[in-house]
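Below is one structure, written out as structure tokens; comments come after it.
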Amino acid sequence: MSATAVTAREAAEVAAANDSGRPPVVFVHGLWLLAGSWDRWRTRFEEEGYAAVAVDWPGDQPDVAAALAQPDALAGLSVVDIADHVAEVLAGLDRRAVVIGHSFGGLLAQMVAGRGLAAGSVSIDPAPSQGVLPLPISTLKASFPVLGNPLNFKKTVTLTFEQFRYGFANAVGEAEARALYEEFHVPAPARPLFEAASANVNPWAVTKVDVESPDRGPMLVVTGERDHIVPFALGNAAYQRQKKNAHHVTELVEIPGAGHSLVIDSHWGEVADVALEFLARVGLAPDGDAPA
């Protein structure tokens, strides 16, 4: 399929959102996860009156077992491939959606917001866009299973439990970390990490974000206090860049005690509350005056 082909599942969710008349919220996952990682979020947001859509990355399998059985399905996938796909899904909605993304999904949320495709966005532990510096030691260590071998560029990488524990689940107990690994972890394309790591020395970087777009919409950046992959320094750098937008509010919230797995672990409800409170404040709750 083409990089932007909308899947049957996505199309059905878009159609259901349009038929509902409710304001849509679109969830975008990051590396080593699937759209199903948002299931609890979708239920919560639908209970609050939104119509939820979860986006696949091009080549994503329907579940973890299928993804583990086809580990090379996303090999060579680029950030721009995924951003264009998210844009294609958003284009099918009758009204602009709130876009919520985690990790590389957080970067993708910023990218489509900069294109004027989102009513508002929540960027959780976002991967760095071009211009975000520095890369802390913990980020480099967490990324080493991918970046440590240049031959990984067009491959996918499957994390060991120990690598997942350090990068994702360092802020939860051992038992919870193992449960998260078994339930959610899937192979991920290496190319997006290489693209992000080289962005500040590449004038044609595909991780560029238009932070000054008048059509960006309100944006919340969320960081986890104990995140190894996207520590506060990176989250704050993304916020400082986005704060340059003179047209829309930009806010930053740090979740105490949370690591990179904060959207799937025991912190998820707290993070969802923060997102919902922000959307209500900026008029994007279902009973607010969301832009068309």
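The ranking of Leu77, Leu108 from fewest to most other beta carbons within 10 Å of each one's beta carbon is Leu77, Leu108. Once the C-beta distance of Glu254 and Ala15 is scaled by a Förster radius of 41 Å, the resulting FRET efficiency is 0.65 to the nearest 0.05. From the alpha carbon centroid of segment 45-120 to that of segment 156-174 is 23 Å. Summarising the amide proton neighbourhood of Thr223: residues at separation of 5 or more, or on other chains, whose placed amide H is nearer than 5 Å comprise Asp125, Val253, Glu254, Ile255. If you take all other residues with their beta carbon under 11 Å from the beta carbon of Val55, and give Lys and Arg +1 and Asp and Glu -1, the sum is -4.
Only Lys, Arg, Asp and Glu carry charge here, each on its Cβ (+1 for the first two, -1 for the last two); on that basis segment 8-281 has a dipole of about 800 debye about its Cα centre. Beta-bridge orientation, the chain: approximately 5 percent antiparallel, per DSSP, counting only bridges with both partners inside. Here Ser78 and Glu225 are evaluated by their C-beta separation; at R0 = 25 Å the FRET efficiency comes out at 0.20.
Of the residues Ile264, Ile124, the one with the fewest other Cβ atoms within 10 Å heads the list, and the complete ranking is Ile264, Ile124. Only helices enter this figure: runs of n ≥ 4 DSSP H residues, each worth -39500 (n - 2.57), summed and divided by the residues of the chain, yield -11500 deg cm²/dmol at 222 nm to the nearest 500. Here the gap between Glu183 and Ala66, fully extended at 0.36 nm per residue and compared with their Cα-Cα distance, gives a gain of 40.9 nm.
Take every Cα pair under 8 Å whose residues are at least 6 apart in sequence, average their separation, divide by the length of the chain, and the relative contact order is 21 percent. Per-residue Karplus couplings for segment 213-221, computed as 6.51 cos²θ - 1.76 cosθ + 1.60 with θ equal to phi - 60°, are listed in order as 4, x, 9, 5, x, x, 9, 10, 9 Hz, Gly and Pro entered as x. With a Förster radius of 35 Å applied to the C-beta separation of Asp210 and Glu162, the computed FRET efficiency comes to 0.35.
Which residue, Gly120, Gly105, Gly59, tops the fluctuation ranking in a GNM of the chain built on C-alpha contacts under 10 Å? Between Gly120, Gly105, Gly59, it is Gly59 that shows the largest mean-square fluctuation.
Readers should treat all values here as calculations from the given coordinates under stated rules, not as data from a laboratory. Note that the coordinates shown come from a computational prediction; the quantities given were computed from them, not determined experimentally. Here Cβ is always computed from backbone atoms with ideal geometry, including for glycine, and neighbour counts include all displayed protein chains.
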